[in-house]
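In what follows, a single structure is set out as structure tokens and then discussed.
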Amino acid sequence: MEFSSKLLQSAVDEVAQLPGIGRRTALRLVLHLMRQPESQTLHLTEALQKMRQNINFCKNCHNISDSELCEICINTNRQQDVVCVVEDIRDVMAIEGTSSYRGVYHVLGGKISPMDGVGPHDLKINSLIEKVRTGNTKELIFALSSTMEGDTTNFYIFKQIQDTEVVISTIARGISVGDELEYADEVTLGRSITNRIPFELSLKS
């Protein structure tokens with residue numbers, strides 16, 4: 001695809017690097033921005049710049065946050081002793097969208113995947129284990145995707161904390177095996193959280 005402007009081509013090249021955006025879609029988006037008032041484009045670039053420079057990660061759960069602690073962790077109406085373990089922030093958003101969960105979260109930042117060179121120490125697992133061993137956690141809910149990597153991560157964490165008195169559960173298999181959590185519909189995901197089962201039972205299935 002040839003462009004008459006190197007500036008246009010540069011903008012399209014950058015937008016096309018976004019996931020799920022091909023070059024034709026990138027061109028359509030860039031041309032749309034060109035047709036908008038300049039102030040609108042400047043607002044967009046300013047918002048992206050501020051997000052990139054100023055966004056934080058909660059020191060307690062590793063969720064995205066505007067401050068040291070995220071809005072969920074500081075919410076006194078949440079069950080602080082019930083912790084849902086998820087892969088990344090998209091899963092937090094998916095579960096929050098169900099309005100079926102009132103505990104807090106722990107974002108691992110990925111899942112164990114030897115094929116991809118990701119081991120336990122590359123994730124936020126140590127801080128989770130430390131959180132459990134402080135004695136302030138009553139229940140830990142595994143809500144990772146039902147893939148081989150997700151199950152491996154669940155089992156690794158389980159082995160590290162099985163000697164504690166914390167109740168360890170996992171979301172019910174309303175989520176099909178192999179499915180990523182973020183793509184589940186809200187009703188199915190909400191029921192999976194509500195109807196969670198003891199993790200030990202999931203090992204026998």
Item to check | Extended-chain gain in nm, criterion 0.36 nm per residue less alpha-carbon gap, Arg133 and Met51 | outcome: 26.1 nm
Checklist entry - Rounded to the nearest 20 Debye, what is the dipole magnitude of the chain about its Cα centre when Lys and Arg each give +1 and Asp and Glu each give -1 at the C-beta? => result 160
Item to check | DSSP beta bridge pairing in the chain, given as percent antiparallel to the nearest 5 | outcome: 30
Checklist outcome for this item: Listed by chain and number, the lysines with an alpha carbon less than 28 angstrom from that of Lys59, same-chain partners under 8 positions apart left out, are Lys50, Lys111, Lys124, Lys131, Lys138, Lys159
Item to check | Label-to-label distance, nm, for residues given as Ile64 and Gln40 (7 Å Cα→Cβ offset) | outcome: 2.2
Checklist outcome for this item: Once both label points are put 7 Å beyond Cα along the C-beta direction, the Met115-Thr164 separation in nm becomes 3.1
Item to check | Distance in nm between pseudo-label sites at Arg102 and Ser10 (7 Å out along the Cβ direction from Cα) | outcome: 5.4
Item to check | trypsin sites (Lys or Arg not before Pro) lying in DSSP loop within region 39-72, provided at most 14 other Cβ fall within 10 Å | outcome: Lys59
Checklist entry - Can you list the residues, at least 5 places off or on another chain, whose amide H is less than 5 Å from the amide H of Phe142, using H built in the peptide plane? => result Val85, Ser169, Thr170, Ile171
Checklist entry - Share of Cα-Cα pairs in region 6-54 beyond 15 Å, in percent? => result 52
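Quick note: the coordinates plus some simple rules give every number you see, no bench work behind them. What you see is a predicted model; the values in this text were computed from it and never measured. Here the Cβ is made from the backbone with ideal geometry for all residues, glycine too, and neighbour counts use every protein chain on show.
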